[in-house]
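Report on the following structure.
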Amino acid sequence: GLYAYSTVAHDGPSHAAMTDHRNWALSTAGVFVALALWAAWKQRGTKTVSPVFALVMLLASGLLAATGYKGAEAVYRHGIGVM
């Protein structure tokens, strides 16, 4: 994604869509990295998952869906990366 961001030809509105998708993707990745570290630190060795962890995982899944929507919008609405 970061490679395509800097190499694919695009116009102004397409650039805004790409930047929006990139920002959502980086934020979403940060949340999932934090969840992975949390799971490695707190959840290791336990048989159950804390309700707070499950809720944050559910919210992170929503972020992932929104990021995917933003990426699809960049491709299918703005034609980025389509010949």
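The values are calculated or read from the model by the stated rules, or taken from the named source; none is laboratory data. Here the structure is a predicted model, which means the values were calculated and not measured. Every residue, glycine among them, receives a Cβ derived from its backbone with ideal geometry; neighbour counts consider all protein chains shown.
Points worth noting:
- Condition broken by residue 73, with the remaining ones in (1) over 18 Å from the mean Cα position of the chain (by Cα); (2) under 29 Å from residue 3 (Cα atoms) satisfied: (1)
- Applying the set (1) surrounded by 14 or more Cβ atoms within 10 Å (Cβ to Cβ); (2) at pLDDT 95 or above; (3) farther than 24 Å from residue 3 by Cβ to residue 55 leaves exactly one unmet item: (1).
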